[in-house]
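Since the structure comes first, as structure tokens, the remarks are kept for the end.
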Amino acid sequence: MLIANRGEIALRINRACQELGVKTVAIFSEADRESLHVRQADEAFCVGPGPVARSYLNIPNIISTALVTGCDAIHPGYGFMAENARFASICADHGIVFIGPKPEVIAAMGDKATAKRVMKEAGVATTPGTDILASVDEARKAASKIGYPVLIKATAGGGGKGMRVVERPEDLERSFHGASSEAEASFKDGRVYMEKLIRDPRHIEVQVLADEFGNVVHLGERDCSVQKPSHQKLIEEAPAPALSDKARRALHEMAIKACKHVKYSNAGTLEFLADGDNVYFMEMNTRIQVEHPVTEMVYSVDLVKEQIRIASGEKLGYAQSDLALRGHAIECRINAEDASNNFAPEAGTLTKVVFPGGPGIRVDTHVFSGAQVPPYYDSMIAKIVAFGATRDAAIARMERALRETVIEGVHTTIDECLVILATPEFRAGNYNIGFLPRLLETQAADAALAAAAVTA
Ligand code: MV4
């Protein structure tokens, strides 16, 4: 198998392959020559210089490496090629198995308005709203029918690009054109649609596994509401701490129904917004996600091994009733970023690195003392995952593990994670997508006051 990725997920995939007895081929950029994923794979080939467009996104170089080394399959990980339907079909054209769902399913879920329409057909709850809007006029009519505030979203979007909140009719025209031109500039697709704005929802996602014979299981949900103002997740946990049994069951059932409807195969995640016990489908991610380890810990599964088994044509070896949730797991993302400076990424040498251990702790990372953090890629350098019999036990373990961790040479998100874990809101499980942005505002105001006091 060729691993078309870098960093911790490349190591994660390599580990699954080693355990399954599958030989691996790593690819790397010139900036990643000394990286761990290169050393741990059975073979490794350079596919280009540091910038992603010339290496990890370089389709001809990746495909020729797979062909020259005789690979049967490519695992894309997350990011880069993971949700690229064209790449998946190029793999198929060359007789290489792409580890993920079929290209048509990737394409359908990648178009957010299409995904929503398909999910609605499947009987999944969606946010009140429209399909693609043809004009400002149509948008105006839709908004008065839905009721303000509304949200204009880019169909090619996801992650918040090309999204505008519209509070009042007089702002509609400007927001419609703003969202559309941002979408055109980012995705070369300016089409937008509209939804009712859900204020301060929680972001809850359901993990699914589906084989190529129509068998589908869910592996519960994760709460990923602790997000930076840039929509990047910082802390995730499983199960979601504040959800009624009824809402939880509805989420799981909708996820299964959705997968059967679209004939989904391989691992996937359905993202929902939760407003109290009302849940609405938002997007589907057709890949393994960064936060998959929290699910692995509470369901005792290896999601990457399952992906490989499914892609090689095996049936799921278990039914829903064989899967049981046990305990609680929390993940903190350790990024090479300055949390006190809008999480500005930092590149450089990690002069000292010591990771935590002990009961219930899992560390997924590709870095070590002396490793370089190149400037070209995502700033995440490690994921620390804590398991406990209860949520309180998992939190206590996470705090202990974060305090054991030493990373010198760059700023990291460790201290910010400790601040979050100590808040009454997080401890009570009482947080939503507005929580971290509000906490950061408070921290910035406190810092300004402290600076003023020093000056005085
Ligand atoms: C929403 C929403 C409120 N109401 N849709 C943000 C990124 C994109 N994937 C969808 N997003 C949202 N869609 C409606 N109808 C609020 C967000 C949102 C958000 C969602 C999940 C996690 C963090 C978020 C931060 C800001 C806004």
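Counting only protein chains, not ligands or nucleic acids, how are Thr351, Thr114 ordered by accessible area (probe 1.4 Å), most first?
Heavy-atom accessible area, descending, gives Thr351, Thr114.
Once you list every other residue whose beta carbon is under 14 Å from the beta carbon of Ala242, what net charge do they have if Lys and Arg are +1 and Asp and Glu are -1? Walk me through the numbers on the way to the answer.
Numbers: positive: Arg202, Arg222, Lys246, Arg248, Arg391, Arg427; negative: Asp200, Glu221, Asp223, Glu237, Asp245, Asp275, Asp277, Glu425.
Net charge around Ala242: -2.
Sorting Met119, Met163 by accessible area (1.4 Å probe), largest first, what list results?
Numbers: Met119 0, Met163 65 Å².
Of Met119, Met163, the descending order of accessible area is Met163, Met119.
Return the unpartnered cysteines for the chain, using a Cβ-Cβ cut-off of under 4.7 Å.
Flagged as lacking a Cys partner: Cys17, Cys46, Cys71, Cys91, Cys224, Cys259.
Alpha carbon centre of the stretch 395-434 versus the stretch 1-67: separation in Å?
31 Å
If the only charges are +1 at each Lys and Arg Cβ and -1 at each Asp and Glu Cβ, what is the size of the charge dipole of the stretch 128-196 around the Cα centre, to the nearest 20 debye?
Computed about the Cα centre, the dipole is about 120 debye.
Could you provide, to the nearest whole Å², the per residue accessible area of the chain with probe 1.4 Å?
For the chain, the per-residue accessible area is 41 Å².
With charges set only on the Cβ (+1 for Lys and Arg, -1 for Asp and Glu), what does the dipole of the stretch 349-451 come to about its Cα centre, in debye to the nearest 20? All intermediate terms of the calculation are to be shown ahead of the outcome.
Values: 9 positive and 11 negative charges, 66 e Å.
In debye, rounded to 20, the stretch 349-451 gives about 320.
For Arg117 and Ala393, calculate 0.36 nm times their separation in residues minus their Cα-Cα distance, and state this gained length in nm to one decimal.
Answer, rounded to one decimal: 95.2 nm.
Could you check how many percent of all C-alpha pairs in the chain are farther apart than 32 Å?
40 percent
Tell me the mean residue ellipticity at 222 nm calculated for the chain from its helices only (DSSP H runs of n ≥ 4, each -39500 (n - 2.57), averaged over every residue, nearest 500).
-11000 deg cm²/dmol
For the chain, what % of the accessible area comes from carbon and sulfur atoms, probe 1.4 Å?
Here it works out to 52 percent.
Can you figure out the FRET efficiency of Glu441 with Glu104, using R₀ = 35 Å and their beta-carbon distance, to the nearest 0.05?
Numbers: r = 43 Å, r/R0 = 1.24.
According to the calculation, E is roughly 0.20.
The values are calculated or read from the model by the stated rules, or taken from the named source; none is laboratory data. As the structure is a prediction and not an experimental result, all values here were calculated from the model. As a convention, Cβ positions derive from the backbone with ideal geometry for all residues, glycine included, and neighbour counts pool all protein chains shown. All accessible areas refer to the heavy atoms of the entire protein, side chains included, with ligands and DNA or RNA removed. Shrake-Rupley method; radii C 1.70, N 1.55, O 1.52, S 1.80 Å.
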